[in-house]
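Novice: Next up is a structure, given as structure tokens.
Every number in this text was worked out from the coordinates using simple rules, so none of it is lab data. Here the structure is a predicted model, which means the values were calculated and not measured. Reconstructed Cβ throughout: ideal geometry from the backbone, glycine too, with neighbour counts over all protein chains shown.
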């Protein structure tokens, strides 16, 4: 069994444990601290210090996290209570998604054209080298 890259280092393991505890909320942090005090008092003390330093006891932490990490899709699902505004919002979001898709397609075509131009230039240089009798790919 191989470990994922995130778990292959102690720091990655600690970040994974922190996110797991954060997902379960303040009671999980308190339980971890109590278990840390039972297993090894310095570990429990270290957890308590980290919880105070990282402000894990804050009641508004979940609301702040949701406010800053919500994806546009989650935002789309919430309604304001005003049907006209919700319809306008849905239309505006759909228009923006369509514009984004069109722009990404434009960038893909632009990259493809640039790649084709570079390839054509390479083939012309190679044909000139062959016509002059030089070996292709050999720099003199």
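Novice: Can you compute the FRET efficiency between residue 86 and residue 53 using 1/(1 + (r/R0)^6), with r the Cβ-Cβ distance and R0 = 41 Å? Round to the nearest 0.05. Mind showing how you got there, number by number?
Specialist: On the way: r = 42 Å, r/R0 = 1.02.
So, using R0 = 41 Å, E works out to roughly 0.45.
Novice: Here is a follow-up. Could you tell me the calculated FRET efficiency between residue 16 and residue 46, based on Cβ-Cβ distance and R0 = 25 angstrom, to the nearest 0.05?
Specialist: Numbers: r = 17 Å, r/R0 = 0.70.
Efficiency, from the Cβ-Cβ distance: 0.90.
Novice: Related question: Please give, to one decimal in nm, the separation of the simple spin-label points placed at residue 38 and residue 127, each 7 Å out from Cα toward the Cβ.
Specialist: Result for the modelled spin labels: 7.9 nm.
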